[in-house]
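These notes are about the structure you will find just below.
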Amino acid sequence: MQINIGTGIVNYPMPVALIGTRKDDIDNFMTAAWISMVSHTPPRIAITLGKHLTSTNIHETGVFSVCFPFSKDISKADYCGTVSGARINKSNIFSVFTDKTGAPMITECGLNVECRLHHIDKNGMNETFIGDIVSIYADETALTDGRIDFTKFTPLILSQMDTRYYSLGKNTGKAWNTESPMD
């Protein structure tokens, strides 16, 4: 039986990422979990943020990165989500690289997505930044045959309602390859 648990923020598994920005040659990373793919062609990703240094930097520079850390980097990722880059310089927490847009990406992360801002949607107190995906970079240890392998790359997952981090479990089946339950 389904039980109505009310209204509000839905507690579903959310991937944790570090949103990278650079302004005046200072890199900043903010932890976020409101992230979603929004278009296949052209490839676009969305991040939803409140008012932060990160959102200000994206407004001013038009570029950002979405960096997915390995679960072993939980302390660094959590720290970047609890202190403001407006008060603490977080630029030396990670080894950083850049490419086409100049948005900082994290060498230690399993997956980095380099983005150029496409547009911004206002959503209540938040803004959703839609980014064109310029390039995707993966740590070679997280790959099998050139593809991300989630038995090797263990990203952090946030459960917002109980404020806990999790990591992915076992492979439970191949997508778009199961038999119909109607047969």
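What strands (runs of 3 or more DSSP E) completely inside the stretch 10-90 contain at least 1 residues that are under 13 Å from L158 (Cβ atoms) and free of Cβ contacts under 8 Å to residues at least 40 places away in the same chain?
On the way: elements: 17-23, 26-32, 35-39, 44-49, 63-68.
Strands (runs of 3 or more DSSP E) meeting the threshold: 35-39.
Scanning for something of a type in the set (D, E, K, R) and in a helix (DSSP H, G or I), does the stretch 112-128 turn up at least one residue?
To start, the set of residues in the stretch 112-128 that are of a type in the set (D, E, K, R) comprises 114, 116, 121-122, 127.
Checking the rest, the ones that are also in a helix (DSSP H, G or I) come to none.
Checked against the condition, which is being of a type in the set (D, E, K, R) and in a helix (DSSP H, G or I), the stretch 112-128 yields no hits at all.
For the stretch 153-183, how many residues meet the condition of being touching a residue at least 12 places away in the same chain (Cβ under 8 Å) and assigned to a loop (DSSP other than H, G, I, E, B)? Before you say what the answer is, go through the steps one by one.
Step one: filter the stretch 153-183 for residues touching a residue at least 12 places away in the same chain (Cβ under 8 Å), giving 153-162, 165-168, 171.
Okay, now just the ones that are also assigned to a loop (DSSP other than H, G, I, E, B), so 153-154, 160-162, 168, 171.
Here the count works out to 7.
Of all residues in the stretch 110-131, which are within 14 Å of the chain's Cα centre (by Cα) and not aliphatic (A, V, I, L, M)? Give the derivation first.
Going residue by residue through the stretch 110-131, those that are within 14 Å of the chain's Cα centre (by Cα) are 110-115, 128-131.
If the condition is that a residue be within 14 Å of the chain's Cα centre (by Cα) and not aliphatic (A, V, I, L, M), then G110, N112, E114, C115, T128, F129, G131 are the ones that fit.
If D99 satisfies all but one of (1) at pLDDT 95 or above; (2) crowded, with 21+ Cβ neighbours inside 10 Å; (3) in a loop (DSSP other than H, G, I, E, B), what's the number of the condition it fails?
All conditions are met except number (2).
The values are calculated or read from the model by the stated rules, or taken from the named source; none is laboratory data. Predicted model, so just to flag it, every value in this text is computed and none were measured. In this analysis, Cβ positions are derived from the backbone assuming ideal geometry, glycine residues included, and neighbour counts consider all displayed protein chains.
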